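Remarks on the structure that follows.
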Amino acid sequence: MSDDILSTVAFDAEGYLVNPDDWTPELAEAIAAREGIQLTEKHWQVINFCRQKAAETGKSPTLRQISVGTGISTKELFQLFPKGPAKRVAKIAGLKKPEGCI
Amino acid sequence: MSENRHMAFICSKGNLDMAYPALIMGWAALGNGVDVTIFFTFWGLDIIRKKTMDRLKLPPVGIAGMRTGMMGLPVDIGIPQIMGVLPGMTEVATALMRKKMEELEVPPISEFLQMLQDAGAKLYACKMTVDMMGLTQDDFMDGVEIVTAGDFIDKTEGAQIIFI
């Protein structure tokens, strides 16, 4: 079922959503499932923060910005989104690849 | 699944500008899902010593890239090396770099190292240098483990090693 929704939208070579307007919460669930992540309320807190931040600044927030902005510790972010939280959240939230180094 | 990519940094220098490369690249590696180990030896130990970690300095002598433009002056020319030995020049250069780093949202060393540890990086202090400098475990930030060079080699089997 989630495969269906993923095949209706375009992703770039690295797995980021090409057209931000295609994003829906259902799509986020499907992308997360593809990444092996089952979204919880805490995941959504991070996703919503990142989408809001990106809407304000036009850029995906960096890991530190997410940690400072949400108050969720670095440790927990790595548990929620293993192996690179900033990039994984950006993919799931339908945002561009984060550019900052920190 | 195949073994995860692993990068190991060896920090042998303790000047402020030599602390950031491993921390920034290590952080980037963790953000890309790569395992990170950092080994601190010789002057690099200052980076993880509680007493010195947030007081690292940037002495301008020997850095050809130091320019007046960095000081916010309108004319961008190289700063003669002889100027670097004048009293206060190290403090000026250090303060300048700290300010620039802050503007780029780069956290202070102690906070940065905590972030790295929270993200899963392993930090080791070189036992021989620790002994040579008469230091003990208490001198280092929490989470640092004192290991021998041999232990470090064991722990980084298969890793990509970067010497700084």
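Take A:Glu14 and tell me if it is under 27 Å from B:Phe112 (Cβ atoms), over 14 Å from the mean Cα position of the chain (by Cα) and within 12 Å of chain B (Cβ to nearest Cβ). It is false that A:Glu14 is under 27 Å from B:Phe112 (Cβ atoms), over 14 Å from the mean Cα position of the chain (by Cα) and within 12 Å of chain B (Cβ to nearest Cβ). Are any residues in the stretch B:23-67 within 20 Å of B:Asp154 (Cα to Cα) and within 14 Å of chain A (Cβ to nearest Cβ), and if so, which ones? Within the stretch B:23-67, B:Gly26, B:Val34, B:Asp35, B:Val36 qualify. Reported count of residues in the stretch A:65-102, each being among the basic types (Lys, Arg), within 11 Å of chain B (Cβ to nearest Cβ), buried (at least 16 other Cβ atoms within 10 Å of the Cβ) and outside any loop (DSSP other than H, G, I, E, B), is 2. Would the stretch A:47-55 turn up any residue that is at negative phi, surrounded by fewer than 20 Cβ atoms within 10 Å (Cβ to Cβ), within 14 Å of another protein chain (Cβ to nearest Cβ) and under 11 Å from the mean Cα position of the chain (by Cα)? Among the residues of the stretch A:47-55, not one is at negative phi, surrounded by fewer than 20 Cβ atoms within 10 Å (Cβ to Cβ), within 14 Å of another protein chain (Cβ to nearest Cβ) and under 11 Å from the mean Cα position of the chain (by Cα), which makes the answer no.
With respect to the conditions (1) touching a Gly at 6+ places or on another chain (Cβ under 9 Å); (2) part of a helix (DSSP H, G or I); (3) more than 12 Å from chain B (Cβ to nearest Cβ), A:Ala32 lacks only one, and its number is (1). Answer yes if at least one residue in the stretch B:41-57 is touching a residue at least 40 places away in the same chain (Cβ under 8 Å), more than 30 Å from B:Gln137 (Cα to Cα) and surrounded by 13 or more Cβ atoms within 10 Å (Cβ to Cβ), and no otherwise. Checked against the condition, which is being touching a residue at least 40 places away in the same chain (Cβ under 8 Å), more than 30 Å from B:Gln137 (Cα to Cα) and surrounded by 13 or more Cβ atoms within 10 Å (Cβ to Cβ), the stretch B:41-57 yields no hits at all. For the stretch B:90-164, the helices (runs of 4 or more DSSP H) that sit wholly inside it and include 3 or more residues that are touching a Lys or Arg at 6+ places or on another chain (Cβ under 9 Å) are B:109-118, B:149-155.
We did not get these values from a lab; they are worked out from the coordinates using the rules stated. Every value quoted in this text rests on a predicted model; they were computed, and no experiment measured them. In this analysis, Cβ positions are derived from the backbone assuming ideal geometry, glycine residues included, and neighbour counts consider all displayed protein chains.
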